[in-house]
1. Ile182 versus Glu163, label points 7 Å from Cα toward the beta carbon: distance in nm?
2. Evaluate the charge dipole of the chain about its Cα centre and quote only its size in Debye, nearest 20, assuming +1 on the Cβ of each Lys and Arg and -1 on the Cβ of each Asp and Glu.
3. Could you let me know the centre-to-centre spacing of region 151-190 and region 65-115, using Cα atoms, in angstrom?
4. Through the Karplus equation 6.51 cos²θ - 1.76 cosθ + 1.60, θ set to phi - 60°, convert the phi angles of region 18-35 into ³J(HN,Hα) values in whole Hz; use x for Gly and Pro.
5. Find how much the distance from His102 to Thr66 grows on full extension, using 0.36 nm per residue of separation minus their present alpha carbon separation; answer in nm with one decimal.
6. Fewest to most neighbouring Cβ within 10 Å: what's the order for Ser14, Ser136, Ser53?
7. When only Cα pairs under 8 Å and 6 or more residues apart are kept, what is the percent relative contact order across region 67-128?
8. Given Cα pairs under 8 Å that are at least 6 residues apart, what percent is the relative contact order of region 5-196?
Amino acid sequence: MSEKSVEFFFDFGSPTAYLAYTQLPDIAKNADAQLVYRPMLLGGVFKATGNTSPAAVAAKGRWMNTDLPRWAKRYCVPFNFNPNFPINTLTLMRGAVGMQMHQPQEFERYIKTVFKAMWVLPRNLGDVSELEGVLSEAGFDTAAFTAMVGDSAVKAQLVANTEEAVSRGVFGAPTCFVDGHIFFCQDRLDFVHEALA
């Protein structure tokens with residue numbers, strides 16, 4: 001396996017993280033590099049760094065409503081802004097960490113399911129019953145999922161991931177690292193590709 005890698009710090013609640021997610025697997029594959037998924041809690045990052053969601057700034061929110069579809073068109077990927085945004089992603093991100101810890105063979109299927117439900121379909125994943133419906137439709141055991149996201153070790157690992165992200169300079173999502181260099185947002189993926197090359 002190649003020693004090259006790109007770390008991808010993400011939160012499902014970020015539409016730009018979704019866009020980055022659609023591109024990074026091919027970028028890593030073409031560079032013979034490993035893509036390392038690092039789930040974190042964006043709300044925790046914002047709190048620790050004093051940052052805030054772009055949607056909290058009216059002018060920036062209006063701009064993003066135009067910019068996001070523009071990038072989706074460039075990437076040739078489906079995108080629909082979620083009318084329930086912002087959504088509390090605590091359970092979703094604990095799910096990502098839990099899958100990495102306990103069901104790594106299901107992790108990529110889980111993140112594909114959640115990103116699609118959040119930014120393509122789109123579904124209100126902040127509603128427990130709707131989240132359970134999405135997971136059930138995708139073939140996940142919802143009872144096992146509920147137990148997993150309630151596990152203290154899973155909760156602690158998400159906190160640790162988030163604290164590590166902040167300690168390394170992360171202030172938002174998505175954030176990538178290549179050889180210690182930090183690249184923020186999905187419109188910097190050309191630099192990620194260059195760094196891997």
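1. Those two pseudo-labels are separated by 1.8 nm.
2. Details: 17 positive and 20 negative charges, 113 e Å.
Rounded to the nearest 20 debye, it is 540 debye.
3. With region 151-190 and region 65-115 each reduced to a Cα centre, they are spaced 15 Å.
4. Whole-Hz 3J(HN,Hα) from phi for region 18-35: 4, 4, 4, 4, 6, 10, 4, x, 6, 4, 5, 4, 5, 9, 6, 10, 8, 8.
5. Details: separation 36, 0.36 × 36 = 12.96 nm, distance 3.89 nm.
Stretched fully, the His102-Thr66 segment lengthens by 9.1 nm.
6. Working: Ser14 24, Ser136 12, Ser53 17.
So the ranking, lowest neighbour count to highest, is Ser136, Ser53, Ser14.
7. Details: 41 pairs, mean separation 26.9, N = 62.
Computed over region 67-128, the figure is 43 percent.
8. Numbers: 252 pairs, mean separation 69.1, N = 192.
Computed value for region 5-196: 36 percent relative contact order.
No value in this document is a laboratory result; all are computed from the given coordinates. This one's a predicted model, so the numbers in the text were calculated from it and none came from an experiment. Note: ideal-geometry Cβ built from the backbone for every residue, glycine included; neighbour counts use all protein chains shown.
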